[in-house]
């Protein structure tokens, strides 16, 4: 699998008006990282070497965010909002290079994991032309359905277009898709029939591929992996899932979280061995805690380095640039910023 060349196209052009915010949707944050940052981090960990990010007009901030998480990512502008297939073709100059695989992802799905991307790609190596992520929600109402026949994907049907029998299908469209590079452009360019809104649906790729005599398959994954964000409620739900994952990873790594459900982590929080975190602690971005340190209750850390055996709090605040040496003790109601406390110190502030 590693020997295959791959192009990952991340669609980040959505406005997200339902977020009730002037901020571009993909720049909203989950676990201290933008939605787009989560997707690009997963892609980088997956091992992709070529990324195209499709943004809307005037979204320079989104392009800048992409460069933070994947330096050198190529950005393309979708000047008109005419659907997902139209957005993918904004990156046509990258697709014509004919990579082995083309993966189409969305910038508002922060819970996607590298292992899921690997599963999406596997059918292409086995000869499929199209692979689509699917999931089985508790209530499929409102979702497009994946129509299958044996191990083949026949079509993706929007709920409004389904028959009564098709509405009983619980395998739903997760949106993300992989296409074999040698036929990707031919399939995408055949999506030429706009719907009543004047848009071009990427979902039509399945039936087009089959009409060309090519195979399409569905890959079932957990609902969280394909969870898209369109509202602040959904943003909060994604935050809850991300925190559960981060807490589990910390516990599995040997961190003692006395009351895990009360501790909030960032995606980049780093812990050493034998770290203890008491209840009601918040870790912002860029925090590292070395071996044997204890973070006491109601402390808040952002952009801080905590040395081996250090003790922080309770009710302490470490702001960006705070550096605590080995065995430093920072007690109640202490606030530090851009300060270095040398090893063994027990300051009274």
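Okay, residues lined up against (1) out of contact with any strand residue (DSSP E or B) (no Cβ under 6 Å at 6 or more places or on another chain); (2) modelled with pLDDT of 95 or more:
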site: 14; (1), (2): yes, no
site: 26; (1), (2): yes, yes
site: 30; (1), (2): yes, yes
site: 33; (1), (2): yes, yes
site: 51; (1), (2): no, yes
site: 59; (1), (2): yes, no
site: 66; (1), (2): no, yes
site: 76; (1), (2): no, yes
site: 81; (1), (2): yes, no
* To do: Taking the options 308, 273, name whichever one is buried (at least 16 other Cβ atoms within 10 Å of the Cβ), in a loop (DSSP other than H, G, I, E, B) and modelled with pLDDT of 95 or more.
  => 308
* **Condition check for residue 179: surrounded by 20 or more Cβ atoms within 10 Å (Cβ to Cβ), within 26 Å of residue 36 (Cα to Cα), under 25 Å from the mean Cα position of the chain (by Cα) and assigned by TED's automatic domain parsing to the domain that holds residue 115** => yes
* Structure fact -> Of the residues in region 165-184, those that are within 14 Å of residue 100 (Cα to Cα) and in a helix (DSSP H, G or I) come to 181, 182, 183, 184
* In region 250-264, is there at least one residue being touching a strand residue (DSSP E or B) at 6+ places or on another chain (Cβ under 6 Å), within 30 Å of residue 22 (Cα to Cα) and not in a strand (DSSP E or B)? -> yes
* The listed residue being more than 30 Å from residue 124 (Cα to Cα), outside the structural domain of residue 41 (by TED's automatic domain parsing) and either surrounded by fewer than 18 Cβ atoms within 10 Å (Cβ to Cβ) or touching a strand residue (DSSP E or B) at 6+ places or on another chain (Cβ under 6 Å) (or both), out of 237, 290 -> 237
* Residue, surrounded by the fewest Cβ atoms within 10 Å (Cβ to Cβ), within region 240-268, restricted to residues that are assigned by TED's automatic domain parsing to the domain that holds residue 302 and within 30 Å of residue 13 (Cα to Cα) -> 268
* **residue 225 part of a helix (DSSP H, G or I), modelled with pLDDT of 95 or more, closer than 30 Å to residue 174 by Cβ and under 24 Å from the mean Cα position of the chain (by Cα)** => yes
* Structure fact -> residue 147 vs (1) closer than 28 Å to residue 91 by Cα; (2) modelled with pLDDT of 95 or more: all pass except (1)
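Which one is nearest to residue 73 (Cα to Cα) among residues in region 93-120 that are out of contact with any helix residue (DSSP H, G or I) (no Cβ under 7 Å at 6 or more places or on another chain), in contact (Cβ under 8 Å) with a residue 60 or more places away in the chain and surrounded by fewer than 22 Cβ atoms within 10 Å (Cβ to Cβ)? Give the derivation first.
First, the residues of region 93-120 that are out of contact with any helix residue (DSSP H, G or I) (no Cβ under 7 Å at 6 or more places or on another chain): 93-94, 97, 106, 115, 119-120.
Of the ones still in play, those that are also in contact (Cβ under 8 Å) with a residue 60 or more places away in the chain are 94, 97, 106, 119-120.
Those still in the list that are surrounded by fewer than 22 Cβ atoms within 10 Å (Cβ to Cβ) too: 94, 97, 119.
Details: 94: 11, 97: 15, 119: 23 Å.
Selected residue: 94.
The values are calculated or read from the model by the stated rules, or taken from the named source; none is laboratory data. Every value quoted in this text rests on a predicted model; they were computed, and no experiment measured them. Heads up, the Cβs are rebuilt from the backbone with ideal geometry, glycines too, and the neighbour counts pull from every protein chain shown.
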